[in-house]
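Contents: one structure, followed by commentary.
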Amino acid sequence: MGAHRMANADKTERESSQLLLREAEEHYAGALEELIAMRLYFRDRTEISEAEIKRVTGNYTRATQTLFDERKKVEELERRNRGIVHDYAIDFDAVRGEIGSALDRLRAHRGPV
């Protein structure tokens, strides 16, 4: 596969990943809104037993934690897709350029084969 085709494939893959991440973010935001509405609904109920409220509250807490855990995974995936590792970005284009320059210098130094 040529370099141009590989670059286009990489770009398409990044765009697909970004679209998926945006959709996941929208899904998580909607789910969180629903969980908050449910919590508010149960908080104001007087006809529901305390045991039932505790059960629902426990489920709410677990669902919210799962939601935030999954959101963290999405954020980490997004950071990896952007080339961010340990809070700094890797400029892959610059790295490719440096490697190419080093190879060119080695070839020039070696001379014709």
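The values are calculated or read from the model by the stated rules, or taken from the named source; none is laboratory data. This one's a predicted model, so the numbers in the text were calculated from it and none came from an experiment. When we count neighbours, we look across all protein chains shown, and the Cβ atoms used for this are built from the backbone with ideal geometry, even at glycine.
Are there any pairs with C-beta distances below 6 angstrom linking a residue in region 66-92 that is modelled with pLDDT of 80 or more to a residue that is of a type in the set (S, T, N, Q), with the two at least 6 apart or on different chains, and if so which?
Listed by first residue and then by second, the contacts come to nothing, as the list is empty.
Say we look at region 13-61 and pick out the residues that are part of a loop (DSSP other than H, G, I, E, B) and among the acidic types (Asp, Glu); which of these is farthest from Arg71 (Cα to Cα)? Please lay out each step first, then the result.
Narrowing region 13-61 to residues part of a loop (DSSP other than H, G, I, E, B): 44-49.
Then keep just the ones that are among the acidic types (Asp, Glu); that gives 44, 47.
Numbers: Asp44: 29, Glu47: 35 Å.
Checked region 13-61; the qualifying residue farthest from Arg71 (Cα to Cα) is Glu47.
Among the residues of region 35-82, write down those that are over 32 Å from the mean Cα position of the chain (by Cα) and basic (Lys, Arg).
Of everything in region 35-82, those that are over 32 Å from the mean Cα position of the chain (by Cα) and basic (Lys, Arg) turn out to be Arg43, Arg45, Lys54.
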